[in-house]
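Only the coordinates and a few stated rules stand behind these numbers; no lab work does. Please read all numbers here as calculations on a predicted model, not as lab measurements. Cβ atoms come from the backbone with ideal geometry, glycine included; neighbour counts cover every protein chain shown.
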Amino acid sequence: MGRVLVTGGAGYIGSHTCLELLNAGFEITVVDNLSNSTQESLQRVSTLTGKEIAFFKVDLLDAEALDTVFSRSDFGTVIHFAALKAVGESVAQPLQYYQNNVTGTVNLCQAMQRHGVTNLVFSSSATVYGIPKSLPLTEQSETLIHEVTNPYGRTKLMVEFVLKDWQRAFPAMNVALLRYFNPVGAHVSGRIGEDPNGIPNNLLPYVSQVAVGRLEKLGVFGDDYETADGTGVRDYIHVVDLAVGHVLAVKKLSENPGVVTYNLGTGIGYSVFQIIAAFEEASGQRIPFEILPRRAGDVAACFADPSLAKLELGWSANRGLQEMCIDGWRWQSNNPNGYA
Ligand code: NAD
Ligand code: WQD
């Protein structure tokens with residue numbers, strides 16, 4: 001079936017995808033600079049699957065080291081997760097984000113080109129839609145670079161353009177742009193999961209750290225949005241459903257489709273208050289919270305129309321909110337300090 005190169009494979013979504021790839025019979029190589037992860041995640045994936053992972057601690061900005069990885073194996077497909085992803089940090093350090101996420105991707109593409117690797121799956125994001133003009137978001141919804149609300153999001157949209165231009169010039173290339181909504185939860189084993197550095201920026205890791213007693217209370221960023229209960233609404237998707245979507249995308253690229261773009265979401269939006277209630281039920285813990293002002297750059301509501309992925313990949317999310325919270329809680333309560 002060919003070996004898959006996974007960049008950023010030690011990270012949250014990458015580690016879950018490695019597990020699904022191995023279970024689907026693929027051999028994999030991971031490159032990661034471990035700037036936001038630890039190799040322990042991959043060791044656990046190997047233990048869970050009973051299969052080996054070839055690992056290289058390489059930074060995508062080190063073109064020479066990257067080239068060496070390509071020299072050592074023949075890759076059928078590359079899945080490209082490696083990126084910096086903290087929205088607030090990207091506002092403070094935009095150059096670091098453009099260099100890591102855009103230059104890192106260009107280096108990767110150049111290595112692929114030198115070594116004749118033609119299939120690439122890219123981690124894009126619903127953030128490319130900016131402030132939604134209508135919901136649900138389809139792949140045809142507008143993506144305007146000046147309407148993306150932060151530099152991180154702009155790196156994602158810029159890379160989409162880089163990859164489309166590249167494929168136009170080299171039509172033998174196949175590229176899947178996967179626009180994730182809000183990935184949450186963890187593998188059912190409770191052995192791998194999300195382990196953010198420092199205070200979490202995202203809702204679910206914050207809520208689970210309150211539940212486990214690492215943080216005192218949640219701040220709810222605004223209760224005066226035009227949503228049913230006034231809090232922000234998002235399309236949370238179980239990370240294992242997302243991982244399975246990548247396996248199907250790898251298979252899709254073997255049909256030589258050129259560039260394909262898919263929303264990976266459930267199509268259902270939940271509010272912050274609904275998340276708090278679901279997590280309280282899953283964990284049996286109370287989640288104290290206080291209402292804070294809105295967070296800059298946040299939109300009221302964002303959710304997907306995932307029907308194209310269903311039609312063309314045969315993919316749909318089948319793990320609901322309860323499962324996302326139960327699995328996320330199993331990971332958090334079994335590993336209160338993450339991988340440390
Ligand atoms: P993560 O930080 O857990 O994983 C990213 C991995 O890439 C990390 O292991 C990190 O060490 C590595 N990395 C970063 N820069 C690198 C470089 N220059 N060279 C080599 N390795 C590098 O994040 P994640 O949540 O697993 O996200 C994976 C991808 O999905 C990212 O591209 C992210 O932008 C995208 N995405 C994430 C979300 C989300 O909410 N988690 C939503 C949409 C899109
Ligand atoms: C969800 C909801 C917050 C934290 C981000 C990125 C996006 C994508 C996914 C990568 C919102 C509210 C949150 C808290 C809160 N990542 N909230 N208190 O902002 O939808 O998306 O992650 O591509 O690009 O922007 O996710 O989890 O931060 O927020 O009230 O402490 O929870 O206001 O309504 P978001 P989030």
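GLU160 sits among other residues whose Cβ lies under 12 Å from its own Cβ, and their net charge, with Lys and Arg +1 and Asp and Glu -1, is +2. Across the chain, the relative contact order, built from alpha-carbon pairs under 8 Å that are at least six residues apart, equals 19 percent. With a cut-off of 12 Å between beta carbons, the residues surrounding GLN209 carry a summed charge of -1, where Lys and Arg count +1 and Asp and Glu -1. Placing +1 on each Lys and Arg Cβ and -1 on each Asp and Glu Cβ, with no other charges, gives the chain a dipole about its Cα centre of roughly 420 debye. By other beta-carbon atoms within 10 Å, ranking SER333, SER125 with the fewest at the front produces SER333, SER125. Mean-square fluctuation check for the chain, GNM, Cα pairs under 10 Å: which of ALA82, ALA24, ALA309 is largest? Top of the fluctuation ranking is ALA24. For GLN96 and SER46, a Förster radius of 30 Å and the Cβ-Cβ distance give a FRET efficiency of 0.45, rounded to the nearest 0.05. Modelled spin-label separation between GLU216 and SER71, with each label point placed 7 Å from Cα along the Cα-to-Cβ direction: 5.6 nm. The slack between LEU144 and GLN110, meaning 0.36 nm per residue of separation minus the straight C-alpha distance, is 9.6 nm.
Dividing the summed helix terms, -39500 (n - 2.57) for each DSSP H run of n ≥ 4, by the number of residues in the chain produces a 222 nm estimate of -11500 deg cm²/dmol to the nearest 500.
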